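The values are calculated or read from the model by the stated rules, or taken from the named source; none is laboratory data. Everything quoted here is computed from the prediction, not taken from an experiment. For neighbour counting, all protein chains shown are included, and Cβ atoms are generated from backbone atoms with ideal geometry for every residue, glycine included. Ligands, DNA and RNA are stripped out before the accessible areas are found, and what is left, the full protein with its side chains, is counted by its heavy atoms. Shrake-Rupley method; radii C 1.70, N 1.55, O 1.52, S 1.80 Å.
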Amino acid sequence: MIDAGQVPPWQLLVIIPSIAFLYASVGFGGASGYLAAMSLFAIAPNVMSTTALTLNILVSSVAFISYFRAGHFFPGLLWPFLLTSIPFSFIGGYLEIEVDVFLFLLYASLTYVCLRMLFGRSGGVDGETRKSVSILSALVAGAGIGLLSGLIGIGGGIFLSPLIVIAGWGTPKQAASSAAGFIFINSISGLLGRYFGGNFELGILGAFLIPLGITGAIAGSRLGAHYFSNDRLKRVLGIVLLIAVGRYWIELI
């Protein structure tokens with residue numbers, strides 16, 4: 001099993017910046033993609049989660065800045081969810097879970113993300129027909145997303161973004177902007193939880209992958225905020241994740 005002190009396989013040096021490019025283009029940090037990629041190379045769970053969350057913080061911050069500058073950010077689609085997601089993400093990161101439980105939660109989450117990207121529709125509303133966010137719903141959703149995110153090492157924006165669109169609270173671009181901000185703050189909380197819980201492991205592997213992820217994020221977020229079609233990019237991401245999750249479920253069966 002590969003630990004934090006080892007150089008990552010060369011394949012990851014290509015895959016990670018590609019994932020960061022694609023995810024940042026739709027306002028995500030990419031943790032689900034990084035975890036799916038790293039899981040193919042027998043990397044230790046704590047190393048996977050710590051590296052994914054660190055990449056998430058940096059990539060999502062780049063994505064948020066790009067979407068903010070493009071005028072897609074609406075504060076009311078972010079702060080209500082953060083009220084509960086921040087403490088619950090910390091709790092999730094603090095807790096240590098068995099490897100088998102971690103992998104099951106990870107791949108169950110990745111399967112949801114995969115299906116959402118392949119078959120979900122952006123839909124959404126325009127600025128005039130947007131509904132007001134239900135504070136109670138936001139608090140409950142934030143707590144659930146935060147806990148799961150902290151446990152497996154993702155930012156949670158992949159769950160928040162479709163929720164905003166499906167509920168009619170915002171447009172796809174507004175959802176992408178909110179997801180990027182949510183991922184950034186949530187990932188910091190989860191990473192702190194890992195640190196204080198003794199589950200933080202970041203070394204040479206992260207030192208190789210993080211700069212590459214930032215490079216991919218800068219290019220992807222700028223193009224996504226102004227030019228790319230969210231639907232087409234999400235289909236591409238869905239296919240990539242399908243390959244990763246399919247392998248796990250086949251082996252489990």
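The condition (being modelled with pLDDT under 90, more than 14 Å from the chain's Cα centre (by Cα) and open to solvent by 30 Å² or more (accessible area, probe 1.4 Å)) is satisfied by just one residue among 163, 136, 83: 163.
Among the candidates 14, 59, the residue that is part of a helix (DSSP H, G or I) and within 12 Å of the chain's Cα centre (by Cα) is uniquely 59.
Considering 36, 42, the condition of being surrounded by fewer than 22 Cβ atoms within 10 Å (Cβ to Cβ), small (Gly, Ala, Ser), farther than 12 Å from residue 179 by Cα and modelled with pLDDT under 90 is satisfied by 42 alone.
From the list 42, 70, 63, the lone residue that is touching a His at 6+ places or on another chain (Cβ under 7 Å) and over 20 Å from residue 193 (Cβ atoms) is 70.
Listed by first and then second residue, the pairs linking a residue in the stretch 106-133 that is closer than 15 Å to residue 173 by Cβ and surrounded by fewer than 17 Cβ atoms within 10 Å (Cβ to Cβ) to a residue that is at pLDDT 75 or above and aliphatic (A, V, I, L, M), with Cβ atoms under 8 Å apart and 6 or more places separating them unless they lie on different chains, are 123/165; 123/166. It is to be established whether one or more residues within the stretch 19-29 are touching a Gly at 6+ places or on another chain (Cβ under 8 Å), surrounded by fewer than 24 Cβ atoms within 10 Å (Cβ to Cβ) and in a helix (DSSP H, G or I). So far as the stretch 19-29 goes, yes, one or more of its residues are touching a Gly at 6+ places or on another chain (Cβ under 8 Å), surrounded by fewer than 24 Cβ atoms within 10 Å (Cβ to Cβ) and in a helix (DSSP H, G or I).
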